[in-house]
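Structure first, then comments.
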Amino acid sequence: MKKLIGLIVAVLLISQLLLPVYFSRQLEQNLTQQLESAQSLEVEVNSLPALLMLGGRFQKVNLSGEELVVDGLKVAELEAKFSNIKFKSTNNRNEGQAFVGTNEELRLVFTEEELEDYLAERLSSLQNIVLNLGPEQTVLAGDFDFFGNPIKLKLGGKFKLETDQKLSFLPQDLMVAELRIPREVIERLMSEVNLTLDLTELPVPLQADEIRVKQNKLVILGGMEEDNV
């Protein structure tokens, strides 16, 4: 009996030492494959007992990443903490495994330069785009081709988090340098300024609640109550 108890204790101790390391590496590989690219991504998992991990359940998962590309936009920094994680297999092999649970803490950082590049790739109407982030209003400036004549435009707006976990830029004010432009042209231009980042494209369950602008960076903070597993 003592030998059996000793064996069980030894198995538990060894699994507690080895399984978190093994599954942290596995999860890093799994998530990296689902991102368009990533400079670095670190994953730390923990469960007590660690043997629970063999069933695809993790009590704690912490993520830390830099330069992650999602939906064409680079995420400068990602810090997230999760609990009660469970993996669900998907029908598409290329999608890896879905990951559901509770997102306790979230911090996503986007730089002004990266947002500017993202807009420049998606806005055909504006050239030489310059983005200036501000806590009250963000200003998007550029050259608009008005029947062969470049016009300097400034578009004021703000970033907003939608209820479906999307980050959107909402145009509010259009400033035109010394030129009267027909209203229909203004409406068309403003409709084309469509920056939307779907946070659900990230292969982890995120809950974003707040946007802050600080030192030329857009910071998203959040954390969710409980995701149905």
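The values are calculated or read from the model by the stated rules, or taken from the named source; none is laboratory data. What you see is a predicted model, and the numbers here were worked out from it, not measured in a lab. Backbone-built Cβ (ideal geometry, glycine too); neighbour counts: all protein chains shown. Surface accessibility is based on the protein's heavy atoms, side chains included, excluding ligands, DNA and RNA. Shrake-Rupley method; radii C 1.70, N 1.55, O 1.52, S 1.80 Å.
Laid out as a table, the results:
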| item | result |
| --- | --- |
| The stretch 116-137, subset open to solvent by 90 Å² or more (accessible area, probe 1.4 Å) and of a type in the set (S, T, N, Q), residue nearest to the chain's Cα centre (by Cα) | SER124 |
| Out of GLU44, GLU66, GLU28, sole residue that is surrounded by 15 or more Cβ atoms within 10 Å (Cβ to Cβ), within 21 Å of LEU218 (Cα to Cα) and of a type outside the set (Lys, Arg) | GLU66 |
| Any strands (runs of 3 or more DSSP E) falling wholly within the stretch 153-229 and containing at least 3 residues that are under 22 Å from ALA80 (Cα atoms), open to solvent by 80 Å² or more (accessible area, probe 1.4 Å) and at pLDDT 75 or above | 208-214 |
| Any hit, the stretch 98-111, residues being of a type outside the set (Val, Ile, Thr), assigned by the TED database to the domain that holds SER47 and modelled with pLDDT under 80 | yes |
| Selected residue [part of a strand (DSSP E or B), of a type in the set (Val, Ile, Thr) and under 30 Å from PHE82 (Cα atoms)] from VAL139, VAL130, VAL109 | VAL109 |
| Meets criteria (more than 30 Å from GLN33 (Cβ to Cβ) and either modelled with pLDDT of 85 or more or open to solvent by less than 20 Å² (accessible area, probe 1.4 Å) (or both)) for LEU140 | yes |
